[in-house]
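So the structure is just underneath, and the comments pick up after that.
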Amino acid sequence: MTISLENLELIPKLLDEIKALKLNISNEKKWLNTTELCAYIGYSIDSVHKMVKENTFIDGIHYYQPSKKLLFDKHEIDNWIVGFKSDKARQNVNLVVNEILANIL
């Protein structure tokens, strides 16, 4: 196998591009504030607040409120968009179902 000198000269540039990609991936935000979430998913602020109020977004799964500000977990929002239920969401559903069944029996 023969490698031309031109291709060998490209190796440092390729390595720099790979490092830049790795840096971008590792710097991706995990937590989004309400404004960032709205820009990310294309919903209005009023819609997001309504979804929080109506428990479409679940406290402790999709968002946390350590102070007055809501912080949304980007990974869980992505899962919500594609319809994937996280383990926490399944556990919460199971707890509610078990509670309802216990009250019926």
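No value in this document is a laboratory result; all are computed from the given coordinates. Owing to the predicted nature of the structure, the values given are computational and were not obtained by experimental measurement. Glycine gets a Cβ as well: all are built from the backbone with ideal geometry, and neighbour counts include every protein chain shown.
Helix 87-104: angle to the longest alpha-carbon principal axis of the chain, degrees 0 to 90, nearest 10?
Compared with the principal axis, the helix lies near 10 degrees.
Taking the Cα centre of the chain as origin and charging only Cβ (+1 Lys, Arg; -1 Asp, Glu), how large is the dipole, in debye to the nearest 20?
Here the size comes out at about 340 debye.
Among (i) 14.2; (ii) 17.3; (iii) 16.9, which one is Kirkwood radius over Cα pairs in Å computed from these coordinates?
(ii)
Provide the net charge surrounding residue 31, with neighbours chosen by a C-beta distance below 14 Å and charges set as Lys +1, Arg +1, Asp -1, Glu -1.
-1
Give me the net charge for the shell around residue 71: Cβ to Cβ below 13 angstrom, other residues only, Lys and Arg +1, Asp and Glu -1.
Neighbour charge sum, excluding residue 71 itself: +1.
A 18 angstrom limit on the alpha carbon distance is what I want to check against. Which of 29/68; 22/69; 29/74 exceed it?
Those over the limit are 29/68; 22/69.
Rounded to the nearest 500, what is the chain's calculated 222 nm mean residue ellipticity when only DSSP H runs of at least 4 contribute -39500 (n - 2.57) each, over all residues?
-20000 deg cm²/dmol
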